[in-house]
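Enquirer: Questions regarding the structure given below will be posed in turn.
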Amino acid sequence: MTVRTILRPAPNAGATQTQRKEIMRPTLILAILCFAFVPAAAPQDQAAVPDLAPLPIHVQMGTGNLLIDNSFSIAIDGHTGDLLDRGALRFLGNLSHETGIPMHARLGDPAKATIIIHADHSSPAVQQAVEEENYTLDVTTSGAKITAPTPLGVLHGLETFLQLVQITPDGFAAPALHIDDQPRFPWRGLMIDVSRHFITLPALRRNIDAMAAVKLNVLHLHLSDNEGFRVESKIFPKLQGMGSDGLYYTQPEIRDLVSYAHDRGIRIVPEFDIPGHSTAWFVGYPELASAPGPYAIERGWGVFDPAMDPSREQTYKFLDKFIGEMAGLFPDAYFHVGGDEVNGKQWDGNTKIQEFMHKQGIKSDDLLQQYFMARIQKLVAKRHKIMIGWDEILAPGLPKESVIQSWRGQDSLAAAAKLGYRGLLSNGYYLDLMAPASQHYLVDPMSGDAAALTPDQQKLILGGESCMWAEYVSTEIIDSRVWPRNIAIAERFWSPQDTRDVDSMYRRIDSEGRRLEWLGLTQRTSHYAMLRRLSGSNDSAPLSVLADTVEPVKGYARSEANEKANVSATSSAPLNHLIDAVPPECDLARHFSAAVNALVASQFKDAATEAQIRAQLIAWRDNDAHLEPIIVGSYLLKEVAPLSQNLASLGAAGLQALDYIDKGEAAPDAWRTQQLATIAQATLPQANLLLMPAPAVQLLIQASSGANGTK
Ligand code: ACM
């Protein structure tokens, strides 16, 4: 059986109980060090552009601050409407929450309000794929004003204002400035796979809040796959009744979610992936499939054989009614039909389908899929919707209004644009691959062949969507899988193409990522709660020291390792291991590595940085003694014992290297050879985790040869 996930593209390369007193010691050091390694915040002078994400197109700093206290009020001037009313009140609620200052949740008098919002006119009742989203924001010491053509622009301006609010010696305040802002791309999406693991409505709502905070505007829900059918159909109730384990959204819940998203300037695009990825449909309706049933909900991951039968008219009759029902439930103009990764095995094995192909002159499985998609496109168009699908739907005769979502890359997007099709890039934005934010950030929809498109063809590239495939994602951990990395992607879709400063991006996604917690995002709270669960009744501080140094393995390595070890990875396997608790990206290792680079560059003369590095290495060296007894008491932690020992070895090796360097002695070759072997060992995945500080410690060992210049 092919593993589905392996067929997905690699991340775009263009671009990867001892005494309590003792236990506390390394943690304390760590807390100080984490702070020390973080680049200093911009000083509070007027010229410093605040840490906004995504970065606006134009920011002009003014002088002074607008103080925010409980006299703060908001008023609407010009066009009014529910979107603005609710947006304004939600803004006050968020401002109150972030500052802890009670605020009157009512709209004020424009003559007296602290912030005035103005939209020239209304937006269409159903948010369109392309709308005016620009805004200007003026903050002075006496008040603020947001002006935009539409309520959508105002909502974006309000989110920018919230990002400006900082604590100052005089109170909470927003700096005086002028911002002109507009998005680079109209379609800025996040796809969430709710099929492989069901994601609850509260989790979806808080992710919508986070999306709005960083100006994303499309939530694409991957609602059906082999592992689950997640929406209530009243016409075909066995879809959710037999295909979901009872984990699905009712129609009233969907309507509420759509309206929640709409209030925040976000469209919801539904995806029902057909003709492949469709086992969950067949549990209740086996007659739709190309091979006789019975079928069961798939529990594993991969590309599976079941596919809809394109040769039976009954299939289209069923889908006609189903698409009609769902087109009524989801107001968006776009309807996603998947179309990816059909392996054709059921078609090849079905004599009736083979006869049908012969009669129709259909000479290959690809052409059969093309025939099926053409029929589906007509059913979608009949409901006044525009069809979207993955790359595979691109075929001669596809109506030009269709949209191609590319999981294969910019070149395939460019090929579609040359033929006149609009497209979205998702290749390079697969959040499940555990790549660092920097890697996603530097993937541009307009690179590769897309860079050579004519201006008119480039206009066909609507933007992109990050994809949160859910093989190893649950409601408990989804926030840490999406955020803060997705802020970097949101910036790629919003900000000008030349916004590419990775250090600036990391600084800003860190501060915005923390702010998201005021909106109820759980990426940090659930991390610490999971570490406590792993540690049982013991102090989780030593585990935290280890957790801050590791990252999950990359790409599809987790699935591959499971297969190799014959560990069955299914939707019912608990996602409660250390790999599930740690974020995809280890900030501490990045800061540690930057500190080591700086020390090497200073030829080991930067004493303050060396002191920080030494303190960190000591904390790592000594942590295993504290963690080991906790590991013994937790069946979930046994797998991390070698990691903890390796971290101790890294700490010891790094310290010895610094000792040699400080003494001005070249480390003996035999010692270095042995230490480099230890490092090589430490870089191997353990428990599907990578020990991230290993390369920086390796650098110290190499430097201890004396060749790189020592004191
Ligand atoms: C996909 O990754 N098959 C859309």
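The values are calculated or read from the model by the stated rules, or taken from the named source; none is laboratory data. Fair warning: this is a prediction, and the values are worked out from it, not measured in the lab. When we count neighbours, we look across all protein chains shown, and the Cβ atoms used for this are built from the backbone with ideal geometry, even at glycine.
Enquirer: Of the residues that make up region 117-127, is at least one on the phi > 0 side of the Ramachandran plot, surrounded by fewer than 19 Cβ atoms within 10 Å (Cβ to Cβ) and modelled with pLDDT of 95 or more?
Expert: The answer is no; no qualifying residue exists.
Enquirer: Then there's this: I'd like to check something: does region 292-307 contain any residue that is buried (at least 17 other Cβ atoms within 10 Å of the Cβ) and assigned to a helix (DSSP H, G or I)?
Expert: No, every residue in region 292-307 fails to be buried (at least 17 other Cβ atoms within 10 Å of the Cβ) and assigned to a helix (DSSP H, G or I).
Enquirer: Out of region 413-443, which residues are under 30 Å from residue 506 (Cα atoms) and surrounded by fewer than 21 Cβ atoms within 10 Å (Cβ to Cβ)?
Expert: The answer is 436, 438, 442.
Enquirer: Take the residues of region 334-354 that are within 16 Å of the ligand (Cβ to nearest atom) and of a type in the set (Val, Ile, Thr): which is farthest from residue 383 (Cα to Cα)?
Expert: 342
Enquirer: Filter region 149-173 down to residues that are buried (at least 19 other Cβ atoms within 10 Å of the Cβ) and part of a loop (DSSP other than H, G, I, E, B) and give me whichever is farthest from the chain's Cα centre (by Cα).
Expert: Out of the qualifying residues, it is 150.
Enquirer: Just to be sure before I move on: is residue 491 more than 22 Å from residue 430 (Cβ to Cβ), among the acidic types (Asp, Glu) and part of a helix (DSSP H, G or I) in the structure I sent?
Expert: Against the criterion (more than 22 Å from residue 430 (Cβ to Cβ), among the acidic types (Asp, Glu) and part of a helix (DSSP H, G or I)), residue 491 does not qualify.
Enquirer: OK, next. Does residue 571 satisfy being within 24 Å of residue 529 (Cβ to Cβ), of a type in the set (Ser, Thr, Tyr), within 34 Å of the chain's Cα centre (by Cα) and not in a loop (DSSP other than H, G, I, E, B)?
Expert: no
Enquirer: Let me ask you something else. Among the residues of region 617-626, is there at least one that is more than 21 Å from residue 690 (Cα to Cα) and crowded, with 16+ Cβ neighbours inside 10 Å?
Expert: no
Enquirer: Next question. Would you say residue 220 is crowded, with 22+ Cβ neighbours inside 10 Å, in contact with an Asp or Glu (Cβ under 8 Å, 6 or more places away or on another chain) and assigned to a strand (DSSP E or B)?
Expert: For residue 220, the condition - crowded, with 22+ Cβ neighbours inside 10 Å, in contact with an Asp or Glu (Cβ under 8 Å, 6 or more places away or on another chain) and assigned to a strand (DSSP E or B) - is met.
Rundown of residues vs (1) within 13 Å of the chain's Cα centre (by Cα); (2) over 28 Å from residue 228 (Cβ atoms); (3) surrounded by 21 or more Cβ atoms within 10 Å (Cβ to Cβ), yes/no style:
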| position | (1), (2), (3) |
| --- | --- |
| 485 | yes, no, yes |
| 495 | no, yes, yes |
| 499 | no, yes, no |
| 506 | no, yes, yes |
| 512 | no, yes, yes |
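Enquirer: Here's something else I'd like to know. Looking at region 327-342, I want the residues that are more than 11 Å from residue 277 (Cα to Cα) and have a partner that is part of a loop (DSSP other than H, G, I, E, B) and near the ligand (Cβ under 10 Å from one of its atoms) with Cβ atoms under 8 Å, at least 6 apart or on another chain. Which pairs are those?
Expert: Nothing qualifies.
Enquirer: So which residues in region 87-112 are over 26 Å from residue 169 (Cβ atoms), out of contact with any Leu (no Cβ under 8 Å at 6 or more places or on another chain) and not in a helix (DSSP H, G or I), if there are any at all?
Expert: 108, 109, 110, 111, 112
Enquirer: Out of all the residues in region 337-390, which are of a type in the set (Gly, Ala, Ser) and under 19 Å from residue 407 (Cα atoms)?
Expert: If the condition is that a residue be of a type in the set (Gly, Ala, Ser) and under 19 Å from residue 407 (Cα atoms), then 338, 339, 389 are the ones that fit.
Enquirer: Select, from 568, 559, 544, the only residue that is modelled with pLDDT under 95 and buried (at least 17 other Cβ atoms within 10 Å of the Cβ).
Expert: Of 568, 559, 544, the one residue that is modelled with pLDDT under 95 and buried (at least 17 other Cβ atoms within 10 Å of the Cβ) is 559.
Enquirer: Here's another thing I want to ask about it. In a helix (DSSP H, G or I) and touching a helix residue (DSSP H, G or I) at 6+ places or on another chain (Cβ under 9 Å): which single residue out of 648, 677 fits that description?
Expert: Of 648, 677, the one residue that is in a helix (DSSP H, G or I) and touching a helix residue (DSSP H, G or I) at 6+ places or on another chain (Cβ under 9 Å) is 648.
Enquirer: Considering only residues that are of a type in the set (A, V, I, L, M) and part of a helix (DSSP H, G or I), look in region 223-254 and name the one that is nearest to residue 466 (Cα to Cα).
Expert: Within region 223-254, the match that is nearest to residue 466 (Cα to Cα) is 254.
Enquirer: Check off (1) within 16 Å of the ligand (Cβ to nearest atom); (2) closer than 21 Å to residue 516 by Cα; (3) in contact with a Leu (Cβ under 7 Å, 6 or more places away or on another chain); (4) part of a loop (DSSP other than H, G, I, E, B) for residue 472 and give me the number that stays unchecked.
Expert: Checking residue 472 against (1) within 16 Å of the ligand (Cβ to nearest atom); (2) closer than 21 Å to residue 516 by Cα; (3) in contact with a Leu (Cβ under 7 Å, 6 or more places away or on another chain); (4) part of a loop (DSSP other than H, G, I, E, B), the one that fails is (2).
Enquirer: Further question: Scan region 391-409 for residues that are closer than 15 Å to residue 467 by Cβ and either assigned to a helix (DSSP H, G or I) or more than 26 Å from the chain's Cα centre (by Cα) (or both) and jot them down.
Expert: Residue satisfying the conditions is 391 alone.
Enquirer: In region 111-169, what residues are aromatic (Phe, Trp, Tyr) and closer than 17 Å to residue 73 by Cα?
Expert: Result: 161, single match.
Enquirer: Residue check: is residue 592 in a helix (DSSP H, G or I) and of a type in the set (Phe, Trp, Tyr)?
Expert: Here the answer is yes, as residue 592 does meet what is asked.
Enquirer: Within region 105-115, is even one residue in contact with an Asp or Glu (Cβ under 8 Å, 6 or more places away or on another chain) and at pLDDT 95 or above?
Expert: no
Enquirer: Considering only region 436-449, I want to know if a residue exists there that is within 16 Å of the ligand (Cβ to nearest atom) and under 30 Å from residue 689 (Cβ atoms).
Expert: Checked region 436-449: at least one residue is within 16 Å of the ligand (Cβ to nearest atom) and under 30 Å from residue 689 (Cβ atoms).
Enquirer: Let me ask something else. Which of the residues spanning region 437-458 are closer than 14 Å to residue 501 by Cα and small (Gly, Ala, Ser)?
Expert: 437, 438
Enquirer: Please specify each residue of region 278-288 satisfying the condition of being among the small types (Gly, Ala, Ser) and surrounded by fewer than 24 Cβ atoms within 10 Å (Cβ to Cβ).
Expert: Listed by number, the list holds a single entry, 284.
Enquirer: Tell me which residues, restricted to region 422-450, are part of a helix (DSSP H, G or I) and under 9 Å from residue 410 (Cα atoms).
Expert: Scanning region 422-450 gives 448, 449, 450.
Enquirer: Another question, if that's okay. Among (1) within 16 Å of the ligand (Cβ to nearest atom); (2) of a type in the set (Asp, Glu); (3) under 21 Å from residue 266 (Cβ atoms), which single condition is residue 479 missing?
Expert: Every listed condition holds for residue 479 apart from (1).
Enquirer: How about region 174-202: which of its residues are crowded, with 22+ Cβ neighbours inside 10 Å and either out of contact with any Gly (no Cβ under 9 Å at 6 or more places or on another chain) or assigned to a helix (DSSP H, G or I) (or both)?
Expert: 174, 190, 191, 192, 193, 199
Enquirer: So which of 230, 255 is surrounded by 20 or more Cβ atoms within 10 Å (Cβ to Cβ), within 23 Å of residue 204 (Cβ to Cβ) and either in contact with a Pro (Cβ under 9 Å, 6 or more places away or on another chain) or charged (D, E, K, R) (or both)?
Expert: After applying the criteria, what remains is 230.
Enquirer: Can I ask one more? Taking the criterion of being within 29 Å of the chain's Cα centre (by Cα), within 16 Å of the ligand (Cβ to nearest atom), of a type in the set (D, E, K, R) and closer than 20 Å to residue 290 by Cβ, would at least one residue in region 366-386 satisfy it?
Expert: No, every residue in region 366-386 fails to be within 29 Å of the chain's Cα centre (by Cα), within 16 Å of the ligand (Cβ to nearest atom), of a type in the set (D, E, K, R) and closer than 20 Å to residue 290 by Cβ.
Enquirer: Name, by its number, the condition in (1) touching a helix residue (DSSP H, G or I) at 6+ places or on another chain (Cβ under 7 Å); (2) away from the ligand (no atom under 16 Å from the Cβ); (3) more than 20 Å from residue 402 (Cα to Cα); (4) not aromatic (Phe, Trp, Tyr) that does not hold for residue 319.
Expert: That leaves (3) as the condition not met.
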